[in-house]
Amino acid sequence: MGLFSKFVDIIKANINDLLDKAEDPEKMIKLMIVEMQEAVVKATSALAQAMGNRNRLQQQYLAAEKQAEHWQQQARLALEKGKEDLAREALNKKVISESNAAQFKAMYESAEKDTAKLKEQVDQLKQKLEEARMKESMLIARSQTAKAKKEIAKKVGGLDQNSFAKFDKFEEKIIKIEAEAEAFSEMADAETKVRDQFRELEKEGKVDEELEKLKAELNK
């Protein structure tokens with residue numbers, strides 16, 4: 001019980017320390033998972049030791065009971081052979097073995113309860129770790145979304161009235177350039193029309209000249 005509580009306290013202390021120093025939530029979440037994994041490994045190791053101790057106590061009390069039974073049989077055999085002193089000695093060892101068996105059994109039963117409780121708590125710790133792993137991807141996704149929102153908000157916030165005023169100024173310049181281009185285009189079209197009219201007059205003059213020449217040749 002105390003061992004498990006110690007592990008939990010260590011986890012809480014480490015997590016609180018990480019949160020206090022947290023700059024990147026994603027990194028902190030991954031570090032917390034690592035901390036919990038290490039705690040599970042340590043708790044599992046402690047459970048294995050507790051189970052080993054419980055098993056040794058069980059073997060010792062069973063061996064003591066078996067030894068007590070052995071001395072009981074030896075006492076009976078000695079008494080059957082008429083060796084009462086030897087039988088008494090065997091019974092004395094039987095009593096000692098029974099006392100040892102009772103002590104080892106009490107220790108085993110206590111260790112069995114403690115081990116069962118520790119196993120239950122280790123299972124709970126493993127379950128918490130699995131829950132944390134399941135939440136890890138969700139929390140990281142939320143962190144990334146929050147970062148994206150923050151960046152977008154910063155970009156939008158950076159577009160103040162001055163920025164839009166600059167856009168308006170650029171638009172006015174573009175409109176002015178377009179108007180000037182349109183005016184130059186109209187002037188060019190007017191000049192072209194005048195030139196075309198003069199060319200047409202020159203062409204008509206040449207045609208009239210050729211017509212007069214042709215008439216003169218026919219009159220001859």
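The values are calculated or read from the model by the stated rules, or taken from the named source; none is laboratory data. The shown structure was predicted, so the numbers you read here are calculated from the model rather than taken from an experiment. Positions of Cβ are generated from backbone atoms using ideal geometry, with glycine treated the same way; all protein chains shown enter the neighbour counts.
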Within the set of pairs 6+ apart or on separate chains, which have a first residue in the range 85-102 that is over 11 Å from Lys66 (Cβ atoms), a second that is basic (Lys, Arg) and surrounded by 12 or more Cβ atoms within 10 Å (Cβ to Cβ), and C-beta atoms under 8 Å apart?
Ala87/Arg76
Test Leu139 against the stated conditions and say whether it is farther than 30 Å from Ile29 by Cβ, surrounded by 10 or more Cβ atoms within 10 Å (Cβ to Cβ), of a type in the set (A, V, I, L, M) and modelled with pLDDT under 75.
no
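Kindly indicate which of Ala132, Ala146, Ala111 is surrounded by 10 or more Cβ atoms within 10 Å (Cβ to Cβ), at pLDDT below 80 and in a helix (DSSP H, G or I).
Going through Ala132, Ala146, Ala111 in turn, the sole match is Ala146.
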With the requirement that a residue be surrounded by fewer than 17 Cβ atoms within 10 Å (Cβ to Cβ) and among the aliphatic types (A, V, I, L, M), what does the range 60-90 give you?
Leu62, Ala63, Leu77, Leu79, Leu86
